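Each remark here refers to the structure printed beneath this line.
The values are calculated or read from the model by the stated rules, or taken from the named source; none is laboratory data. What you are looking at is a predicted structure, and each value in this text was computed from that prediction instead of being measured. FYI the Cβ positions are ideal-geometry reconstructions off the backbone, even for glycines, and counts take in every protein chain you see.
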Amino acid sequence: MRHLQHFDIVKILALRLKPLIGMPVFWLLTLLGNGFVAFGAFVLFHIEAGHHDKPLTLLDCVSWSVGLVTTIGYGDLVPVTEGGKLLGIVMMIGGTLFLWSYMALFVSILLAPDISLIESQIKGIKRETSFDEKKLRELSTQMDALQLKIDVLLARITHP
């Protein structure tokens with residue numbers, strides 16, 4: 001039973017995330033984000049080469065770049081040059097903006113069906129509670145006519 005619940009959650013997530021594949025903004029953010037990581041790694045590799053005790057590898061720089069962009073920041077590689085430190089600042093700011101945008105896209109896709117359901121329920125409630133002015137005038141006219149008939153009947157009864 002518990003396994004089935006996990007499967008259902010995975011199935012729901014897959015169904016809700018499927019629309020991302022057709023969204024150009026998803027692909028744009030994915031390409032920009034990965035390009036930003038690659039750019040940072042490549043630039044750091046060239047700026048910091050020869051300034052560390054051990055030889056710097058491109059994998060070290062990719063790990064550093066991914067850590068900054070994802071805001072994890074292991075700290076196993078610390079830039080020692082001014083250019084490396086400035087690059088780190090740019091990577092932190094750019095990574096934060098990228099991550100916020102990416103997460104906002106994911107959250108909006110995950111919540112879109114629920115938001116649509118709530119919006120349709122609100123519209124239904126508005127339709128049920130709203131009144132039609134034309135019908136209200138008709139009812140008012142009918143009530144006035146009934147009141148007139150009641151007044152006439154009361155007059156006949158009280159003044160035969």
Checklist outcome for this item: Every listed condition ((1) touching a residue at least 60 places away in the same chain (Cβ under 8 Å); (2) outside the structural domain of G33 (by TED's automatic domain parsing)) holds for L148 save (1)
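Quick one: which residue in L56, L31 is of a type in the set (A, V, I, L, M, F, W, C), over 21 Å from L99 (Cα atoms) and out of contact with any strand residue (DSSP E or B) (no Cβ under 8 Å at 6 or more places or on another chain)? Lay out the reasoning, then the answer.
Numbers: L31 fails: over 21 Å from L99 (Cα atoms).
Of L56, L31, the one residue that is of a type in the set (A, V, I, L, M, F, W, C), over 21 Å from L99 (Cα atoms) and out of contact with any strand residue (DSSP E or B) (no Cβ under 8 Å at 6 or more places or on another chain) is L56.
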Next on the checklist: Can you find a residue that is over 38 Å from the mean Cα position of the chain (by Cα) and of a type in the set (D, E) anywhere in region 120-142?
Outcome noted: yes
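What's the total number of residues in region 42-57 that are more than 34 Å from the chain's Cα centre (by Cα), in a helix (DSSP H, G or I) and not charged (D, E, K, R)? I'd like the intermediate steps shown before the answer.
Going through region 42-57, the residues more than 34 Å from the chain's Cα centre (by Cα) turn out to be 45-57.
If we keep only those that are in a helix (DSSP H, G or I) too, we end up with 45-48.
From what's left, not charged (D, E, K, R): 45-47.
Result for region 42-57: 3.
Would a scan of region 70-86 turn up a residue that is assigned to a helix (DSSP H, G or I), of a type in the set (G, A, S), farther than 24 Å from L31 by Cα and in contact (Cβ under 8 Å) with a residue 12 or more places away in the chain?
If we filter region 70-86 for residues that are assigned to a helix (DSSP H, G or I), which is where we start, we get 82-86.
Remaining after also requiring of a type in the set (G, A, S): 83-84.
Imposing the further condition that a residue be farther than 24 Å from L31 by Cα reduces the set to 83.
Still in the running and in contact (Cβ under 8 Å) with a residue 12 or more places away in the chain: 83.
Taking every residue of region 70-86 in turn, at least one turns out to be assigned to a helix (DSSP H, G or I), of a type in the set (G, A, S), farther than 24 Å from L31 by Cα and in contact (Cβ under 8 Å) with a residue 12 or more places away in the chain.
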Checklist entry - Pick from G33, G50: which is assigned by TED's automatic domain parsing to the domain that holds I115 and touching a residue at least 40 places away in the same chain (Cβ under 8 Å)? => result G33
